[in-house]
Structure formats: C-alpha cells, structure tokens
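The values are calculated or read from the model by the stated rules, or taken from the named source; none is laboratory data. Just so you know, these numbers come straight off a predicted model, no measurement behind them. Positions of Cβ are backbone-derived with ideal geometry, glycine not excepted, and every protein chain shown enters the neighbour counts.
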Amino acid sequence: MKSSRRNFIRSAAASGASLAFPSIIPASVLGASAPSNNLHIAQIGCGRIGRTMDAPGFLKASGSRIVAACDLDSRRLLEMRRVVAKHYKEKSPDAITGARDFHDLISRQDVDAVSISTPDHWHAQIAIEAAFAGKHVYMQKPASLTIREGRLFADAIKETGRIFLLGSQQRSWEHFQKGCAFVREGRLGKIQRIEVGLPGDPGGGSTKEMPVPECLDYEFWLGSTPMVYYTEDRVHSQNADIGKAVNSRPGWLRCEQFGAGMITGWGSHHLDIVHWAMDWETIGAKYIEGKGKFHTGGLWDVHGEYDITLTYPDGTPVRVWDKYPNGVRFIGEKGWIFVSRGAAKATASDPVIGGKKLKALDASDPALISGTPSIVLYPNAITKPGRHHQNFINSIKANVPSIVPAETAHRSCSACLLSWIGMKLGRKLEWDWQKECFVNDPEANAMLEREERKPYGAKRAYERLSKKAASRA
C-alpha cells in the first residue's frame with residue numbers, strides 16, 4: 001500500500017497534478033452572502049461517468065461550483081482538473097483542488113457536497129463516510145454492491161439528515177415523468193403485468209497479468225473487494241489518448257467482483273421507473289424467479305442472457321428479460337403504455353436497443369398518453385434531459401427531499417440485486433421486504449452481503465462512524 005501511494009504521488013507530480021488545497025470559503029458558512037451563493041462540490045471519480053455526465057451536470061447547474069476532484073488514477077485526475085479549470089476560465093488546473101484519497105476532501109470545511117462517480121464497489125462506503133462528515137451526497141447508480149450495504153448507506157443518510165440524489169436521471173426526463181403519472185393516475189385501469197427490457201454484457205476480457213501503471217493506486221482502487229492481480233481489462237483503459245481512455249466502457253463493469261452487470265447497470269434505471277409509476281418506492285418484491293447465463297472462459301464473468309420475474313405484494317408480476325426492447329411497458333385492463341429512452345444515449349458508449357424505431361413514449365391508444373396528467377409525482381420537477389443535477393442543488397438549498405432520495409435508491413437497487421440472486425440460484429425465492437431477508441433460505445441470505453477486505457468496507461465505515469456520532473449525542 002505504501003509503495004502504491006508513493007507511485008501515485010510521484011506520477012501526479014510528474015504530470016503536473018498538484019495536490020495542493022486552495023483556500024475556499026464554503027457556501028454553507030457564508031449562507032446567502034456567499035459569492036454567487038454557490039454550493040461547493042467535490043467530484044469523486046473522474047472516469048467515464050464523472051467526466052462525461054456528472055462533472056458536466058454540475059458545471060451546467062446554477063448555484064454550484066466544482067472546487068475539487070478526486071481519483072486514484074493521476075492521469076484522470078489531472079484531466080478532470082483541466083476541464084473544470086477551463087470551464088471556469090482559470091489559468092491552471094491547480095485552481096481546482098486535487099486529491100487521491102476522498103477522505104482528504106470530505107474532511108474539508110470548504111466542501112458542501114460530493115458527487116460520487118466511482119466504480120460500484122465504492123459507492124456505499126463513500127456515501128456513508130461523506131454523510132457522517134456532514135456532506136450532501138449525489139451518487140451514481142447503482143446504490144450499492146450488496147443489499148446489506150445498501151441498507152447501511154440509506155440509514156446513514158437518514159441519521160445524518162443529509163440531502164441525497166441518485167443518478168437515476170430518467171426521472172428528470174419529461175416523457176418518463178408523464179408516462180409514470182399516466183400509469184399512477186389509472187389510465188390503464190388495473191395493471192396486469194409489467195415488462196422490462198434491458199441489454200446484456202459481452203464476455204471476454206484479457207486474463208494476462210500486467211504491471212500496475214505508475215499513475216494508478218491499484219490497491220486502494222480494489223477497496224473492500226479481494227486482492228487480485230492487475231490487468232487493464234479488470235479496471236479501465238490506459239490508452240495514451242486520455243480523451244479516448246475516459247470515454248470507453250471500463251472492464252470493471254463486466255467483472256462480478258465490482259458489480260452485477262447490466263441487471264444493476266441499467267436495471268437501476270428501469271426498475272426505478274417501475275417503482276415510481278406503481279408507488280412501490282419504499283417496498284419490495286415478494287417472490288423472485290430467475291435464470292441467467294454467466295460468461296466463462298475470459299476475465300469478464302457477469303451475466304449475458306437472463307429472464308427474471310419479480311412478483312410484488314399486490315400480485316403484479318414484473319418480467320425483466322433481455323429479449324424485450326430496452327424500456328418499460330405497463331400492461332393494464334385498458335391497454336399498454338411504453339416508456340424508454342428511444343434512440344437517446346446518456347453517454348456515448350451506452351447501448352441502444354430498438355434504435356430510431358423505438359419511441360420514447362408510446363401506447364396502444366394515443367389517447368392513453370395525451371394531455372397532461374392529473375397528478376404530479378414530484379413537485380417542481382425539472383423536465384429536461386441533462387438537468388438532473390440541478391435538482392440536487394435545488395433540494396439542498398430548499399432543504400427538501402430530492403427526486404430520488406436514499407430509501408428510494410436503495411429499494412430500486414435491491415430489486416436489481418434480488419434479480420441477480422434469483423439468476424444465480426435459479427429457483428423461486430420468497431423475500432420479506434420489511435425485514436430485508438429471504439424466508440427460510442440460508443443460502444440466499446448468505447448472498448445479501450460480501451466479505452469486506454480490511455481496512456475498507458461500507459459496514460466497517462458505518463459501524464465506526466455511527467458509534468462515533470452516537471457518543472457525541
């Protein structure tokens with residue numbers, strides 16, 4: 001660990017990525033008198049999603065300013081600092097605080113909130129630590145690597161009273177809002193079933209061991225997951241062209257050590273839409289039946305094909321199948337409503353199923369989606385793609401829940417992880433959504449958490465910080 005940290009600092013210095021901390025007075029201290037009344041954001045994770053979605057989202061948002069960036073790859077860190085500094089017309093990337101260790105940022109009084117755009121296995125731990133450090137939390141989906149750590153993160157947000165927003169940006173798109181509202185107000189009558197289409201992941205990936213790049217603190221990057229040898233296809237591209245490197249889909253997305261594949265990658269989006277439309281945001285499925293094919297023979301081992309049915313407490317079945325078009329179809333007594341991204345992409349490397357033939361909002365009868373919904377699912381929602389991050393800023397300033405609060409994020413992620421467990425076990429499972437455990441199934445319950453490698457882990461962080469907070473009370 002000491003060696004990898006020395007390498008990181010040496011590489012950062014060689015590339016000009018200064019780790020100095022500029023002195024900034026936070027909006028939370030100055031309040032209404034703060035210059036431009038900006039909330040100060042620390043961008044944690046400078047890869048594909050951080051670079052192409054989350055940092056741009058906060059750069060566009062009014063009332064916020066990115067003042068710091070953090071990444072375990074010094075090349076990506078420097079690139080992010082350059083981009084942010086250029087946006088603010090600063091003369092040097094040194095104007096933006098840089099850090100390898102996220103603790104260096106969440107401990108600072110001049111940071112109001114964090115934007116977490118790391119690989120999945122780091123989401124919950126950073127969110128927990130940031131919340132207990134007094135920071136508001138914007139976090140990319142999925143909410144957690146396991147259901148158990150998801151519960152801990154949601155509890156940490158609740159206990160600390162911080163504002164939280166998940167990167168389920170479909171809620172900030174007008175046609176998703178309208179589609180869900182039309183379903184909720186009863187235009188389809190009783191819902192008979194729901195169909196969810198998601199893409200899959202390819203197999204492959206080189207298993208050849210490689211030396212760890214000088215720019216990467218690999219031991220820290222692995223976090224709570226097991227120590228394994230480095231190979232580029234396990235982490236992210238080290239292409240000499242940093243622009244191409246940060247825009248390519250990273251290999252960790254396809255390794256079960258760090259996530260569950262597309263069932264959480266895209267499932268977090270679409271199952272969240274199901275929950276929103278059906279008013280299931282704080283509950284869960286009762287039964288899970290699934291099957292899936294998991295890749296073998298290469299490095300990448302997440303699922304490819306799959307077919308899962310989640311049955312909710314009211315008896316409504318939700319079938320999640322890779323053969324359906326990418327989107328959500330609600331089927332009721334009076335017809336169906338289908339909502340999707342159409343041919344739109346959130347990032348350049350996102351898969352598209354259905355292409356231009358897929359309508360963003362469609363129905364068996366145009367009358368089912370005409371006019372304005374009679375109900376509002378979220379007051380003052382921003383109905384414009386690319387403006388999801390503005391909701392986070394607005395929610396903090398108004399001290400109101402965001403459009404995707406922590407408990408909602410946890411429940412949508414849980415539906416995805418239950419689907420993954422169902423695929424793994426291949427038999428019908430019964431879930432107690434209130435106790436968050438399987439009924440009379442020790443094997444399934446053992447899959448609700450993973451062993452955490454010391455000194456990392458969401459559980460370890462929560463237990464330490466909640467105990468510390470309790471002692472202060």
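Here's the yes/no breakdown for (1) part of a helix (DSSP H, G or I); (2) of a type outside the set (A, V, I, L, M, F, W, C); (3) free of Cβ contacts under 8 Å to residues at least 12 places away in the same chain:
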| position | (1), (2), (3) |
| --- | --- |
| THR118 | no, yes, no |
| TRP122 | yes, no, no |
| GLU129 | yes, yes, no |
| SER144 | no, yes, no |
| GLU149 | yes, yes, no |
| GLU159 | yes, yes, no |
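For TYR230, the test of being within 28 Å of GLN434 (Cα to Cα), of a type in the set (Phe, Trp, Tyr) and modelled with pLDDT of 95 or more is failed.
Among the residues of the stretch 414-473, which ones are in a helix (DSSP H, G or I), free of Cβ contacts under 8 Å to residues at least 12 places away in the same chain and in contact with a strand residue (DSSP E or B) (Cβ under 8 Å, 6 or more places away or on another chain)? Across the stretch 414-473, the qualifying residue is only ASN445.
Taking GLY134 as the residue in question, decide whether it is in a helix (DSSP H, G or I) and either aromatic (Phe, Trp, Tyr) or out of contact with any Pro (no Cβ under 7 Å at 6 or more places or on another chain) (or both). Criteria not met by GLY134.
Of the candidates VAL228, VAL212, the single residue that is free of Cβ contacts under 8 Å to residues at least 60 places away in the same chain, β-branched (Val, Ile, Thr), part of a loop (DSSP other than H, G, I, E, B) and outside the structural domain of ARG460 (by TED's automatic domain parsing) is VAL228. If you go through the stretch 448-464 and pick out every residue that is among the hydroxyl-bearing types (Ser, Thr, Tyr) and within 21 Å of SER414 (Cα to Cα), you end up with 1. Taking the stretch 217-272 as the range and being acidic (Asp, Glu), touching a Lys or Arg at 6+ places or on another chain (Cβ under 9 Å) and within 30 Å of THR311 (Cα to Cα) as the test, only ASP272 passes.
Can you name every residue in the stretch 302-329 that is over 20 Å from GLY179 (Cβ atoms), of a type in the set (Gly, Ala, Ser) and under 24 Å from the mean Cα position of the chain (by Cα)? Residue satisfying the conditions is GLY304 alone.
Among the residues of the stretch 200-242, those identified as within 22 Å of the chain's Cα centre (by Cα) and surrounded by fewer than 14 Cβ atoms within 10 Å (Cβ to Cβ) are PRO202, PRO226.
ILE393 meets each of the listed conditions (1) assigned to a helix (DSSP H, G or I); (2) closer than 22 Å to GLN125 by Cβ; (3) in contact with a strand residue (DSSP E or B) (Cβ under 9 Å, 6 or more places away or on another chain); (4) hydrophobic (A, V, I, L, M, F, W, C) apart from (2). The residues of the stretch 161-190 that are among the small types (Gly, Ala, Ser) and outside any helix (DSSP H, G or I), listed by number, are GLY161, GLY167, SER168, GLY186, GLY189. Remark: pairs (first residue in the stretch 172-193, under 13 Å from SER374 (Cβ atoms); second residue among the acidic types (Asp, Glu); Cβ separation under 9 Å; 6+ apart in sequence or on different chains) = ARG184/ASP279.
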